[in-house]
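As structure tokens, the structure follows; a few thoughts come after it.
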């Protein structure tokens, strides 16, 4: 069981690295946004290490948000949402998807 979890975590880290180094600016899928929000909310299920995870995840979330949506204000919002207590429940990536989707459809 632990090997399966470790393999899944490794794949996720590789995908995040690919996202962070990607130069294209295509809108992510709704499933990808939901996955990012789910990982951000996971700290509620990690007692004792949840706040440390949030601090690390805030950096990743901000970089990924900027790469996906090219919005510095949105990236700062994603980081703040992860750092502030009791705000992990806000689905920042999913909200951004529905805000930026009409703009991407016009291009």
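The values are calculated or read from the model by the stated rules, or taken from the named source; none is laboratory data. All figures in this text were calculated on a predicted structure; none of them were measured in a lab. Glycine also receives a Cβ, built like all others from the backbone with ideal geometry; neighbour counts cover every protein chain displayed.
Below, the figures for the structure above:
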| quantity | calculated |
| --- | --- |
| Single match in 58, 42, 38 (criterion: under 11 Å from the mean Cα position of the chain (by Cα) and surrounded by 13 or more Cβ atoms within 10 Å (Cβ to Cβ)) | 58 |
| Criterion: modelled with pLDDT under 90, assigned to a helix (DSSP H, G or I) and loosely packed, with under 12 Cβ neighbours inside 10 Å - qualifying residue of 52, 25 | 52 |
| Hey, residue 80 under 18 Å from residue 32 (Cα atoms) and out of contact with any strand residue (DSSP E or B) (no Cβ under 6 Å at 6 or more places or on another chain) or not | no |
| Answer residue from region 28-49, given it is part of a loop (DSSP other than H, G, I, E, B) and in contact with a helix residue (DSSP H, G or I) (Cβ under 7 Å, 6 or more places away or on another chain) and is modelled with the lowest pLDDT among those | 46 |
| Residue 20 vs. criteria surrounded by 10 or more Cβ atoms within 10 Å (Cβ to Cβ) and either at pLDDT below 65 or in contact with a strand residue (DSSP E or B) (Cβ under 6 Å, 6 or more places away or on another chain) (or both) | yes |
